[in-house]
Structures are given as structure tokens and as C-alpha cells.
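No lab work stands behind these numbers, since they all come straight from the coordinates. For clarity, every value in this text was computed on a predicted model and none was experimentally measured. So basically every Cβ, Gly included, is an ideal-geometry build from the backbone, and we count neighbours across all protein chains shown.
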Amino acid sequence: MLDRIVQSHEKKEASVVDWQTFHGMFVMWRWGLVNLIKIATKYHHRKSSDETSTNKMYSR
């Protein structure tokens with residue numbers, strides 16, 4: 001009986017650790033994704049502004 005209680009307690013501990021690890025991974029992944037989007041939009045804006053400036057030069 002006591003062994004069973006200890007086993008269930010250990011299982012509970014492990015599941016808590018797993019959840020924390022998963023949550024941490026998820027947060028890091030989400031943070032990385034947000035940064036990627038920011039970088040991509042910044043690069044895209046810079047690229048599009050470069051295109052417009054070159055178009056202006058050509059139109060002149």
C-alpha cells in the first residue's frame with residue numbers, strides 16, 4: 001500500500017516537471033516566433049522601401 005502511494009506521488013512529481021518543461025519550451029518557442037515575425041516584417045519593410053526608392057530613381 002505504501003509503495004503504491006510513493007509511486008503515485010513520484011508519478012505526480014514527474015508529470016509536474018514534464019508540464020513545466022513543456023510550458024517553458026512553449027514560451028521559448030512563442031518568443032522565438034514573435035522575434036522571427038518582427039525581424040521578417042522589419043526586413044520586408046526595409047526591402048519594400050528600398051524597392052520604392054530604386055523605382056523613384058528609375059522614374060527620374
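Annotations
- Residue-span extension gain [Val17 to Asn35] - 0.36 nm each, minus C-alpha spacing: 3.8 nm
- Simple spin-label estimate for Arg4 and Lys42 in nanometres, 7 Å along Cα-Cβ: 5.9 nm
- Note, ³J(HN,Hα) from phi for segment 18-27, Karplus 6.51, -1.76, 1.60, rounded to Hz, x at Gly and Pro: 4, 4, 4, 4, 4, 4, x, 4, 4, 4
- Within the shell defined by Cβ-Cβ distances under 14 Å, the residues around Ala40 carry a net charge of +4, with Lys and Arg each +1 and Asp and Glu each -1.
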